[in-house]
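The values are calculated or read from the model by the stated rules, or taken from the named source; none is laboratory data. These figures come from a predicted structure and were not determined experimentally. With ideal geometry, Cβ positions are generated from the backbone for all residues, glycine too; neighbour counts draw on all protein chains shown. What goes into the accessible areas is simple: the full protein's heavy atoms, side chains included, and nothing from ligands, DNA or RNA. Shrake-Rupley method; radii C 1.70, N 1.55, O 1.52, S 1.80 Å.
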Amino acid sequence: MPGWVEWVVAAVGAWFVGATALGLILARVMSIGSAPDAPASTSPVAAGQVVPLRPRVLVVDDDAPLRSLLRATLAADEFDVREAGSSEEALQVLRFWRPSVLLLDVNLPGMDGLTLCSEIARTADDISVILLTGEEVSHTTARLAGAKGVVRKPFSPLELLGLVGLVLEGKDFVSEPATAGDGQLLIYARDLANIAKAERQQRRLLQDAYRQTATALADAVDVRDRATGLHAQRVRRYALELAEVVAPSLLDDPSLEYGFLLHDVGKIGISDHVLLKPGPLSPEEQELVRMHPAIGAQILRDVALLQGAGLDVVLHHHERWDGAGYPHGLAGEQIPLSARIFAIADTLDAMTSDRPYRSAVAWDEAVDEIVAQGGRQFDPEIVQAFVAGEDGLRAVYEDLSLVA
């Protein structure tokens, strides 16, 4: 297998493994596991039920607002939830709908929770009962009634979700002390803030992982083409600097940076003897090279991270302002703005870097050539912005061009 193919395979593998691993971490924070689905039993005494794909939870409490809070909390965590206001109503539900876990208030009107718990333990021991109580119920009392856990009110919904998860995993007995000093709604509000904070942290981690794996894939392409993995990093920095001057709102599109990094991914479809040829290309070979934007767009067309301006960069970064570019021969403002910006960044790095067929030119010479191509190869207004921001671009060049 050619070395460049191994690089690409490794980079793609890293991308998917990293995304999958972080996705599983996020899923673990935001949801409890699942198991294969099964039809509901029609009798509370049937045993051996398989846990459904979305674990079923029956909430039994005479406090309607608390039932609603619990239902919303559990449903948001991908549980299938139903509720009942009394033991008698719960028994009616159990005739036709089989939960994996039953959250059961101890102080219910009519049949109390401990009595219902004992009945369920006797006739349906595949249902795990967690008692909810505002009073002191000992572990011994709860165990004797057949419960798998006890939670004292007021309780943290996050802690309750954790206990439900432990019960579903087969934990023998779980318990959580009451949260002192705060009302139930305040505890819910605090937990909601914690969930939002954790979600933001996980999103940042996920975005960092996507960026790192996209960079690895871009570096793999660059190593094959240029024997250095810094081209993608340089053009990304150049293009971000230029976009900040030309159209800062473009930077709100998260796909843009990935498009900058992966603009040349289509070159994995171009053979080495063409891509690495030390001399001029024949017309047939030039046509092969001109296919790489379309190949790249085809490879990335279903990648959610690239949907938007990023995919425009991949497909159109070799179009020219005068219409003489490829693959579609677009002209002027027909070319997406993101691609017009990137075309200058890409050309700047191409001219100031060594290639198989020529040596790098000096920075000032590259700048003069880009300015001369304003209105022909490049959007003249973006060329003006390029000149205005040249100092920042040169700082990027000096920062990265000498790194091995």
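Would you be able to tell me the number of residues in the stretch 139-170 that are part of a loop (DSSP other than H, G, I, E, B) and open to solvent by less than 50 Å² (accessible area, probe 1.4 Å)?
Qualifying residue count, the stretch 139-170: 6.
For the stretch 327-344, check the following and say yes or no: at least one residue is among the small types (G, A, S), in a loop (DSSP other than H, G, I, E, B) and open to solvent by 60 Å² or more (accessible area, probe 1.4 Å).
no
Would you mind listing the helices (runs of 4 or more DSSP H) fully within the stretch 345-404 where at least 3 residues are β-branched (V, I, T) and modelled with pLDDT of 90 or more?
In the stretch 345-404, 363-372, 380-388 are the helices (runs of 4 or more DSSP H) which contain 3 or more residues that are β-branched (V, I, T) and modelled with pLDDT of 90 or more.
All but one of (1) at pLDDT 90 or above; (2) of a type outside the set (F, W, Y); (3) more than 27 Å from E390 (Cβ to Cβ) hold for D252; state the number of the condition that does not hold.
Of (1) at pLDDT 90 or above; (2) of a type outside the set (F, W, Y); (3) more than 27 Å from E390 (Cβ to Cβ), only one is false for D252: (3).
In the stretch 110-130, how many residues are in contact with a Gly (Cβ under 6 Å, 6 or more places away or on another chain) and not in a helix (DSSP H, G or I)?
Number satisfying all stated conditions: 1.
Going through D354, D349 one at a time, which residue ends up being touching a helix residue (DSSP H, G or I) at 6+ places or on another chain (Cβ under 9 Å) and open to solvent by less than 40 Å² (accessible area, probe 1.4 Å)?
D349
Out of A227, A216, A220, A232, which single residue is at pLDDT 80 or above and aliphatic (A, V, I, L, M)?
Just one listed residue meets the conditions, A232.
Name the single residue that is most open to solvent (accessible area, probe 1.4 Å) among those in the stretch 264-308 being acidic (D, E) and within 36 Å of the chain's Cα centre (by Cα).
Ranking the candidates gives D302 first.
Residue-by-condition table, conditions (1) open to solvent by 10 Å² or more (accessible area, probe 1.4 Å); (2) touching a helix residue (DSSP H, G or I) at 6+ places or on another chain (Cβ under 9 Å); (3) under 16 Å from A247 (Cα atoms); (4) hydrophobic (A, V, I, L, M, F, W, C):
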{"site": "G310", "(1), (2), (3), (4)": "no, yes, yes, no"}
{"site": "H316", "(1), (2), (3), (4)": "yes, yes, no, no"}
{"site": "G325", "(1), (2), (3), (4)": "yes, yes, no, no"}
{"site": "V361", "(1), (2), (3), (4)": "yes, yes, no, yes"}
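Would you confirm, using the coordinates I've provided, whether G113 is open to solvent by 10 Å² or more (accessible area, probe 1.4 Å) and modelled with pLDDT under 95?
Taking the combined requirement at face value, the residue does not satisfy it.
Is there any pair with a first residue in the stretch 349-378 that is within 19 Å of E398 (Cβ to Cβ) and a second that is among the aliphatic types (A, V, I, L, M) and open to solvent by 40 Å² or more (accessible area, probe 1.4 Å) whose Cβ atoms are under 6 Å apart and which are 6 or more apart or on different chains, and what are they?
Hits for this filter: T352/A360; S353/A360; D354/A360.
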